[in-house]
Amino acid sequence: MKLIRRPVGDVNERPFMVIWETTHACDLACRHCRAEAQAEHDALALTTEEAKQLLHQVESFGRPRPIFIFTGGDPFKRADLFGLVRYATEIGLPAAVSPSGTPLLTEENLRRLKEAGAKAISLSIDGSSAERHDDFRRVPGSFELTSNGWRAARAIELKTQVNTTVTRYNLHDLPAIFRLVQEIGAMTWSLFFLVPTGRGRQEDEVSPGEHEAVMHFLYDVSKYISAKPVEGHHYKRVVLQRAILEDKGLPPEDYFTLHPVYYELRAGLDEVARHAGLRPRAAGAVHRTPMHINAGNGFVFVSRRGEVFPSGFLPLSGGSVRERSLVDIYRDAPLFRRLRDLSQYGGRCGLCEFAGVCGGSRSRAYAVTGDPLAEEPFCTYQPGSFPFQAELAERLSASVHKAE
Ligand code: SF4
């Protein structure tokens, strides 16, 4: 099985995904909020006309069109959201929306999104109970509103991705959250590995060893449902390593020094799977092969005021869409060109045989060291240490294929 996907076309020319922060207004006050959301909409945010110009800039990247994500804050705080989703759809951009779990997350609003052409939504669940989730989101009732939202989305057959931000607050709750995710029937479970930016604090992050444990857990989860990481790029290394070991019938515990939390998470997952009667995929196969995109490299984030960043977690601007086309910034801004040049990466990432499919989190490197090209500080791998290098070289060339 081919295990890592690459976007169709040249990522130097065209991103696979564009995310636009429609607003930073939101009725939640989440612990980790990248946007440091506020109650009021920013008067200097892109206007409706400017947003339409942004959509045209995205369209002008050419085919296949990048996926366009409306995020926030809470996109429902913009009155023009439905019109902009419709406009994106009309000019051929696949659109998705990331609303917040607030009273605005109604069946009526979701139905309007679907009618406007939205292909999918994503909802955040950060705890398996109302108490845990609401504590994280810092607003009582958010869990119930989110639960109502996913039921409404399912009723109108609007695809739903569930996002969970992994922090020290919910690390041990992940198997129980998985139970919820598979009960919801979510299209994908996306685990965000916290980057200490915005309201996210370094002390809320799990340790590098726990990161590694969660990635092995995510691999086990991907035997049952579609699962992926965000800002956890070394998951692609884990997928390749685990698949090679599985092909050989070798247990991971003999080849990795895994943090004890991995065994706890795996036991929890096994229990949930047994209880739900889930059947795992065959050895070496997972439900969703990860896509190789990274900050400024197949991926680009546009702020509410039109500043262009390689990622929403990497606050270095390549320019503003108010002054220059997104296409020019993405293709030519020195920051973006450097991020796509692996020879510029420092430390272990600069030496690593996995760099071509991984590259580490450039956002975390910047947040921790101040250098976006420094090594990924939370990856525990020593380049060259995986014992099956011949099989790996074969996988690295054969597994990198075009995404459909
Ligand atoms: S050292 Fe860097 S490139 Fe290698 S697996 Fe870790 S994060 Fe990825």
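L278 - would you say it is in contact (Cβ under 8 Å) with a residue 60 or more places away in the chain and assigned to a helix (DSSP H, G or I)?
For L278, the condition - in contact (Cβ under 8 Å) with a residue 60 or more places away in the chain and assigned to a helix (DSSP H, G or I) - is not met.
Name the single residue, out of those in the stretch 42-71 being in contact with a helix residue (DSSP H, G or I) (Cβ under 7 Å, 6 or more places away or on another chain) and part of a loop (DSSP other than H, G, I, E, B), that is most open to solvent (accessible area, probe 1.4 Å).
Checking each candidate, the answer is S60.
Kindly indicate whether F143 is among the aromatic types (F, W, Y), open to solvent by 20 Å² or more (accessible area, probe 1.4 Å) and in contact (Cβ under 8 Å) with a residue 40 or more places away in the chain.
Yes; evaluated as a whole, the condition is true for this residue.
Kindly indicate whether R199 is at pLDDT below 90, surrounded by 20 or more Cβ atoms within 10 Å (Cβ to Cβ) and in contact with a Cys (Cβ under 8 Å, 6 or more places away or on another chain).
no
Tell me, please, whether a residue that is within 19 Å of N12 (Cα to Cα) and not in a strand (DSSP E or B) can be found in the stretch 383-396.
no
Among the candidates E253, E271, single out the residue that is more than 16 Å from the ligand (Cβ to nearest atom), more than 21 Å from the chain's Cα centre (by Cα) and modelled with pLDDT of 95 or more.
E271 is the lone residue from the list that is more than 16 Å from the ligand (Cβ to nearest atom), more than 21 Å from the chain's Cα centre (by Cα) and modelled with pLDDT of 95 or more.
Just to be sure, is L171 closer than 30 Å to F309 by Cα, modelled with pLDDT of 95 or more and over 15 Å from the mean Cα position of the chain (by Cα)?
Taking the combined requirement at face value, the residue satisfies it.
Could you list, in sequence order, the residues of the stretch 242-271 that are within 24 Å of I177 (Cα to Cα) and β-branched (V, I, T)?
Selection gives V261 alone.
Among the numbered criteria (1) away from the ligand (no atom under 16 Å from the Cβ); (2) in contact (Cβ under 8 Å) with a residue 40 or more places away in the chain, which single criterion is violated by H233?
(1) is the only condition that H233 fails.
Working carefully through the options E205, E210, find the one that is open to solvent by 10 Å² or more (accessible area, probe 1.4 Å), touching a helix residue (DSSP H, G or I) at 6+ places or on another chain (Cβ under 7 Å) and over 24 Å from I121 (Cα atoms).
None of the others qualify; the one that does is E210.
The values are calculated or read from the model by the stated rules, or taken from the named source; none is laboratory data. All values reported here derive from a predicted model rather than from experimental measurement. In this analysis, Cβ positions are derived from the backbone assuming ideal geometry, glycine residues included, and neighbour counts consider all displayed protein chains. Just so you know, the surface numbers come from the protein's heavy atoms only, side chains and all, with ligands and any DNA or RNA stripped out. Shrake-Rupley method; radii C 1.70, N 1.55, O 1.52, S 1.80 Å.
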